[in-house]
Amino acid sequence: MLNSYSHLINADLHCHSIFSDGALAPDVLAEQAHANGVALWSLTDHDEVRGLPQAQQAAQDLRMAFVSGVEISVTWAAKTLHVVGLNIDPKHPNLLAGLAGVRSGRLARAQAMAKGLEQVGVPNALDGAMQYVRNPDLVSRTHFARYLVSLGLAQDIGQVFQKFLSTGKPGYVPHHWASLQAAVGWILESGGCAVLAHPARYQLNEVMWVALMDEFKHLGGSGIEVVTGSHTSSESQRYARESVKYQLQASRGSDFHGHNESRSDLGALPFLPSICVPIWAQWSHY
Ligand code: AMP
Ligand code: MN
Ligand code: MN
Ligand code: MN
């Protein structure tokens, strides 16, 4: 167990590289995190662990503590949730097979998205999005968003999502991701901790939030993100209280995707509120 100041550690346990929808390579992210004063870092690409060896090596070269991570796409009660796995074993066969299954639907979904966009006068959007894809297994809405910004159809990524890519918009295609049970199961089997990412983003009412917490805890989930680039400070305060209420550990991460695209730079976030138990308290390096 650590000292009582562990909530003051600059941990950034959520970001993305070119192995999913981030704009930078893992080693560049590591350098940036280190330069920004991050002391404990994780790379958490969507449904993908192939960036981790490079991230781990770069972190080791910089003598920055590192844990392997992933952010798994989940469908729960007809909503998309994201579950971050931290301190996972990126070679665990069940985790790898599970993630391969989650990734496998992405290309067909992207083709359907391109059809939807074509109907509102944006031709060849899949080819356009693919120009931004470095990992052909991982075509995401973010790649479409970058392409649509390049066409001048929106000012920034956020606006593209509002106009084209969020629920009900022409480029939106409903998709069935992993079940919550499967995603938490793969994370736990590989030795990791399961953390509910950016809880404020799901806009769950109180009944659904309680149901989610009950199920998540029952499945073995152990943490929620309290301080993230996706939360306002009042949302962070709210989820700090929720973490205490549900006896969940608290995580902190920028959700950095690239410069000019993300609300928070690597490590540039408020510290965890002192009422929280940091998820890293159980890891040996702290
Ligand atoms: P996908 O997994 O293909 O559905 O893409 C999800 C990703 O899209 C998220 O991880 C974010 O990076 C990005 N995203 C989703 N909603 C928004 C938004 N409103 N503004 C900017 N990026 C978003
Ligand atoms: Mn993303
Ligand atoms: Mn997410
Ligand atoms: Mn993320």
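Points worth noting:
- Qualifying residue in region 241-260 (condition: modelled with pLDDT under 95 and of a type in the set (A, V, I, L, M, F, W, C)): no
- Of all residues in region 228-270, those being polar (S, T, N, Q) and in contact (Cβ under 8 Å) with a residue 60 or more places away in the chain number 4.
- Screening region 168-204 for residues that are closer than 22 Å to T44 by Cα and β-branched (V, I, T) and picking the one that is farthest from ligand 2 (Cβ to nearest atom) gives V184.
- Output for region 10-35, where each listed residue is assigned to a loop (DSSP other than H, G, I, E, B) and either more than 16 Å from ligand 4 (Cβ to nearest atom) or free of Cβ contacts under 8 Å to residues at least 40 places away in the same chain (or both): N10, S17, A25
- Residues satisfying the stated conditions in region 60-75, i.e. buried (at least 19 other Cβ atoms within 10 Å of the Cβ) and not hydrophobic (A, V, I, L, M, F, W, C): S68, G69, E71, S73
For every residue, the table says whether it meets (1) part of a strand (DSSP E or B); (2) within 14 Å of ligand 3 (Cβ to nearest atom); (3) surrounded by 19 or more Cβ atoms within 10 Å (Cβ to Cβ).
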{"position": "G37", "(1), (2), (3)": "no, no, no"}
{"position": "S42", "(1), (2), (3)": "yes, yes, yes"}
{"position": "A58", "(1), (2), (3)": "no, no, yes"}
{"position": "D89", "(1), (2), (3)": "no, no, no"}
{"position": "A100", "(1), (2), (3)": "no, no, no"}
{"position": "L107", "(1), (2), (3)": "no, no, no"}
{"position": "G116", "(1), (2), (3)": "no, no, no"}
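- Subset of region 205-258 that is away from ligand 2 (no atom under 16 Å from the Cβ) and touching a Ser or Thr at 6+ places or on another chain (Cβ under 6 Å) - its residue that is farthest from T142 (Cα to Cα): Q249
- Matching residues in region 44-56 - criterion: being part of a loop (DSSP other than H, G, I, E, B), buried (at least 23 other Cβ atoms within 10 Å of the Cβ) and not polar (S, T, N, Q): D45, D47, E48, V49, G51
- Of all residues in region 151-167, none are more than 15 Å from ligand 2 (Cβ to nearest atom), touching a Ser or Thr at 6+ places or on another chain (Cβ under 8 Å) and in contact (Cβ under 8 Å) with a residue 40 or more places away in the chain.
The values are calculated or read from the model by the stated rules, or taken from the named source; none is laboratory data. The structure presented is a predicted model; accordingly, all values stated were derived computationally and were not measured. For neighbour counting, all protein chains shown are included, and Cβ atoms are generated from backbone atoms with ideal geometry for every residue, glycine included.
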